[in-house]
Amino acid sequence: ETKIPDDWRTFNARSMLGGSLLGQKKYTEAEPLLFSGYEGMKQREVNIPLEGKVRLSETLRRLVELYEATNRPDQAAAWKRKLAEFDKTEK
């Protein structure tokens, strides 16, 4: 965050950290990292190289997993829709 604060990779790192916390069932700590990771990458999507686009999909999947694990089906469904839209545009 200090060296490349506005780079998509910084937000990918946040998402990955959130994914690690998600795996540890630390949902409260994971949620803001996953959300800010997604938002940051989405805002910088044009700067993400083709081979890095999969990171957005991974982050969306983590958000779906978070909301399913915390029994928030409406939010899980909303993120599933975003994932489906993303997958459709990337093919």
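The values are calculated or read from the model by the stated rules, or taken from the named source; none is laboratory data. Since the structure is predicted, the reported quantities are computational estimates derived from the model, not experimental observations. Virtual Cβ from ideal backbone geometry, glycine too; neighbours counted across all protein chains shown. To get the accessible areas, we keep the full protein, side chains included, count just its heavy atoms, and leave off ligands, DNA and RNA. Shrake-Rupley method; radii C 1.70, N 1.55, O 1.52, S 1.80 Å.
Multiplying the sequence separation of residue 44 and residue 69 by 0.36 nm and subtracting their Cα-Cα distance, what value in nm do you get?
Here the segment from residue 44 to residue 69 would lengthen by 6.2 nm.
Can you work out the Karplus-derived ³J(HN,Hα) for every residue in the range 40-50? Use 6.51 cos²θ - 1.76 cosθ + 1.60 with θ = phi - 60°, whole Hz, and x for glycine or proline.
x, 5, 4, 5, 10, 3, 5, 8, 7, x, 3
Where does the chain land at 222 nm, in deg cm²/dmol rounded to the nearest 500, when only DSSP H runs of n ≥ 4 count, each adding -39500 (n - 2.57), divided by all residues?
Computed ellipticity for the chain at 222 nm equals -24500 deg cm²/dmol.
Using heavy-atom solvent-accessible surface (probe 1.4 Å) with all chains present, what is the largest-first order of 25, 82?
So the residues, ranked largest to smallest area, are 25, 82.
On a 1.4 Å probe surface of the protein chains, which of 41, 16 comes out largest in accessible area, and what is the full order?
16, 41
Which of the GluC sites (Glu not before Pro) found in the chain are loop residues per DSSP with 16 or fewer other Cβ atoms within 10 Å of their Cβ?
Hits after loop and neighbour filter: 1.
With an 8 Å cut-off on Cα pairs and a minimum separation of 6 or more residues, tell me the relative contact order of the range 1-88 in percent. List each step's numbers first, then the result.
Working: 92 pairs, mean separation 21.8, N = 88.
About 25 percent, as a whole number.
Separation between the residue 57 and residue 82 pseudo-spin-labels, each 7 Å from Cα along Cα→Cβ, expressed in nm?
Roughly 1.7 nm, to one decimal.
From the phi of every residue in the range 13-23, what ³J(HN,Hα) in whole Hz does the Karplus formula 6.51 cos²θ - 1.76 cosθ + 1.60 yield, where θ is phi - 60° and glycine or proline is x?
Residue by residue, the range 13-23 yields 4, 4, 4, 5, 5, x, x, 5, 5, 4, x Hz.
Could you let me know the centre-to-centre spacing of the range 2-41 and the range 52-70, using Cα atoms, in angstrom?
Rounded to whole Å, the Cα centres lie 11 Å apart.
May I have the extent of the alpha carbons of the chain along their three principal axes, as whole Å values ordered from largest to smallest?
Per principal axis, max minus min of the Cα coordinates gives 34, 32, 17 Å.
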